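A short worksheet on the structure shown next.
The values are calculated or read from the model by the stated rules, or taken from the named source; none is laboratory data. If you're wondering where the values come from, they're calculated on a predicted model, not measured in any experiment.
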Amino acid sequence: MFLYVLQESCQKYKNSTYKSILINKFEKWVCFLCLVQKRIEQIEVELVSRIYKQFLEKFDGNKSAFAKVAQCSETTVRRVFRNEQRMTVHLLLRFCFALGIDFNEIFESLSILNEK
C-alpha cells in the first residue's frame, strides 16, 4: 500500500530529483525498520534465555508443570523455548507469574540499545 502511494506521488511530480528523494527516504525507513525488527528479535531471544534458566531452576525442566501454572499448553512452552514461536507480552506475563518473578526483573540489566 505504501509503495503504491509512493508511486502515485512520484507520478504527480515528474521531477526526477523529487522522485529520487522520496525513494531514498523510503529505502532509509525500510532499512531502519529492518534494524529495529532485528534488535527486537535479539531482545526476545535474550528474554527467552533468561526465562528458560529460571524455568530449569524452579521446575527442573518439567514443561508440563510449568505450562499448567502458566495457563498455556505444553506445546507453546516447548515452541517458545526452541525459538519456534514468538512470545506475546501476555505470555511473557504468564511465564513471569509462573516463575514467581517480577516482570521488571526479567528486563534487569538488559540493554535495549545495541551497544558493542
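Structure data summary
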read-out	value
Helices (runs of 4 or more DSSP H) enclosed by the stretch 71-116 - at least 3 residues per element that are modelled with pLDDT under 90	103-107
Residue 33 vs. criteria more than 12 Å from the chain's Cα centre (by Cα), assigned to a helix (DSSP H, G or I) and not charged (D, E, K, R)	yes
Given (1) of a type in the set (Asp, Glu); (2) at pLDDT below 95; (3) more than 20 Å from the chain's Cα centre (by Cα), index of the condition residue 44 fails	(3)
